[in-house]
1. What does DSSP give for the range B:179-290 in terms of the percent of beta bridges that are antiparallel, rounded to the nearest 5?
2. Over the range B:118-308, what is the relative contact order in percent, taking alpha-carbon pairs closer than 8 angstrom and at least six residues apart?
3. Of the beta bridges DSSP finds with both residues in chain A, what % are antiparallel, to the nearest 5?
4. Using Cα pairs under 8 angstrom and six or more residues apart, how large is the relative contact order of the range A:98-163, in percent?
5. With bins 10 Å wide starting at 0, give me the P(r) of the range B:5-114 over every alpha carbon pair, in whole percents.
6. Grab the Cα-Cα distance for B:E128 and B:N292, subtract it from 0.36 nm times how many residues apart they are, and report the gain in nm with one decimal.
7. With loop defined by DSSP as not H, G, I, E or B, and exposure as at most 14 other Cβ atoms within 10 Å, which is the longest segment of chain A clear of exposed GluC sites (Glu not before Pro)?
8. Mind sorting A:S258, A:S163 by how few other Cβ atoms lie within 10 Å of their own Cβ, fewest first?
Amino acid sequence: MKGIVWLASYPKSGNTWFRAFLANLLHGGEQPVDINQFGVGNFGARWQYERALGWETSELTPAELAATRLAVQEVFAREKDPTFKVHEAFTDPRDGRPLFSGPATRAVLYFLRNPLDVAVSFSHHRGKDLDNTIRRMGNPETVLAANWEDSDLQLPQPMGTWSHHVRSWVDAPGLPVHVLRYEDMLARPQEVFTAACRFAGFPDEPARVERALAHSSFDALRQQEQAKGFREAVGKRTFFRKGQAGSWREVLSPAQVSAIVQTHGEVMRRFGYLNADGSLPEN
Amino acid sequence: MALASAQLPPHRHRVYGLTVATWIPFPELETAPADARVDAVFRLAEVPAQLEQPQFTGARFQAAPGRLLAWIPGVARYLAVDGEEILIQPDAGAIDSDVRALLLCSPMGGLLHQRGVLPLHASVIATERGAVAFMGHSGRGKSTLAAHFRQRGYRVLADDIAVVSFDAQGRPQVAPGLPQFKLWPNSVKELGGEAESLPRLRPSMEKRTLMFPEAFHREPLPLARVYALEADRLRDDISLTVQPVLDRVRLLLEHTYRAQYLSGLGLQKAHFQSLSRVAAAVPVVRVVRPENDRFHLEALGEQLIADFSR
């Protein structure tokens with residue numbers, strides 16, 4: 001099928017889990033697919049971007065490069081079954097410019113996770129303390145891989161705040177978006193993953209989904225990481241660390257919880273991470 | 001090709017094995033004698049917004065047999081025609097050095113493909129055994145490594161594009177490119193220099209240029225060995241592995257300069273034949289270094305010298 005399927009999320013929200021599942025769904029056999037061979041890459045990988053661009057990204061100014069995004073997506077959209085992972089917000093938080101082409105898009109799977117847990121997981125992933133990470137989640141200027149001029153292998157990826165990120169995708173007018181909450185992926189995997197496959201046009205036969213889920217279970221992924229390492233981990237830190245919902249309760253201080261709720265309360269409430277009266281759910 | 005000298009532009013330069021005649025002088029290129037046989041022409045002309053029958057349309061290029069159109073808004077539109085000329089239409093207000101710098105990238109790549117030579121995305125140094133090429137994707141350290149070898153006293157043929165052709169005996173050889181490295185500030189620093197002291201490649205970019213006329217190797221050299229530079233987070237050491245022939249072809253294709261133009265130009269089959277000839281004649285070695293903030297130049301240099309001097 002033509003058109004891009006975007007696996008979109010703020011970091012540490014279930015995107016890699018879904019990529020592991022998808023690799024096993026599409027290519028899996030009796031054994032789980034190698035975690036270092038998922039196949040679905042980041043749209044911001046420079047070598048891949050350059051293939052559609054026809055120039056090297058390092059030959060262009062940041063402004064010239066930014067102006068090529070939608071045209072590059074339209075080239076990929078003509079290929080067979082293009083699927084990319086992305087951490088950018090749908091719109092650039094700095095100027096409101098769309099970062100994704102509607103016509104090039106077939107479907108968006110948006111992965112959403114309680115920002116209290118995102119803060120814990122993202123902090124571990126970055127190797128930075130919780131307060132630093134909480135500030136980053138509230139900073140509209142946040143850009144991943146922003147130092148691309150020092151020959152980073154990925155293009156800069158504007159994310160903005162966690163709340164901006166969520167709203168930019170789920171409220172994008174006319175965009176075919178299906179939201180998966182990480183907590184629901186954990187609680188009801190067969191149902192939630194099947195619905196996502198159906199939405200995106202991936203195979204959805206029950207036995208096939210079940211096997212892919214088994215081969216991409218948290219324990220299966222962690223075992224592979226322990227045995228041979230995971231290229232997407234940063235530094236020497238474990239990527240597949242806990243894979244649980246609610247671990248913020250043991251980690252975050254009341255002040256840290258309150259800082260996140262204060263900045264992101266509205267979006268949290270909308271997706272069930274905060275009660276209507278502003279209190280935190282019991283579990 | 002017969003280009004009548006009366007119609008030719010006045011300036012003569014040598015670049016990527018070609019003598020070009022151009023209306024715009026290129027201070028970054030070496031001068032060629034006025035009576036040298038001209039291979040290709042750069043001229044200012046009206047360049048169409050689109051090709052009439054593009055076989056492939058990318059985000060900033062179109063390709064058809066004998067035609068490669070490439071453009072960057074605010075700088076210029078370029079059209080490489082039949083391997084003989086590059087037409088240039090600068091945009092209003094474009095900076096001359098930007099127009100020149102970009103011409104030597106994609107439009108030059110199109111022209112080289114049209115001429116039937118094999119441009120690899122690689123830097124090249126001269127060794128006692130012949131030319132040694134370092135292929136790699138952007139950011140993998142091709143230029144930095146070649147600049148490091150220059151510091152060790154080696155002469156350098158090319159920084160960005162290794163133009164491979166076949167000599168009278170059918171052996172692969174590499175043509176000299178131009179005596180200029182393009183380096184990011186972090187590379188300049190790792191080489192022991194200061195980026196601030198070097199001119200920018202384009203005024204609004206951090207990337208710097210470093211000219212090396214004294215170390216430029218101006219004659220073609222037989223291609224002795226090719227390295228594909230890679231990095232891997234899961235490795236703690238540098239490894240060199242000679243590749244079997246089929247993998248050589250795959251790697252040479254992966255590192256062909258602007259390979260995405262080939263299908264539109266209708267040159268895939270001819271290109272594959274060239275790759276196969278190179279793969280049969282020249283060892284290709286995968287070099288994997290640990291992926292972190294540094295290029296490990298000293299250690300890498302030592303291992304490479306030990307390998308290509310054998």
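1. On the way: 9 of 16 bridges.
Given both bridge residues lie in the range B:179-290, the antiparallel proportion sits at roughly 55 percent.
2. Details: 370 pairs, mean separation 48.0, N = 191.
Over the range B:118-308, the number comes to 25 percent.
3. Taking every DSSP beta bridge with both residues in chain A, the antiparallel ones total about 20 percent.
4. On the way: 54 pairs, mean separation 15.6, N = 66.
It comes to 24 percent, rounded to a whole number.
5. Cα pair-distance distribution for the range B:5-114, in percent: 15, 50, 30, 6.
6. Numbers: separation 164, 0.36 × 164 = 59.04 nm, distance 3.18 nm.
That pair, B:E128 and B:N292, stretches by 55.9 nm at full extension.
7. Details: sites that count: A:E30, A:E79, A:E141, A:E282.
Within chain A, the longest run free of exposed GluC sites (Glu not before Pro) spans A:142-281.
8. Working: A:S258 12, A:S163 20.
Least to most surrounded, the residues fall as A:S258, A:S163.
Every read-out reported here was derived from the displayed coordinates using simple, explicitly stated rules and does not represent laboratory data. Fair warning: this is a prediction, and the values are worked out from it, not measured in the lab. Positions of Cβ are generated from backbone atoms using ideal geometry, with glycine treated the same way; all protein chains shown enter the neighbour counts.
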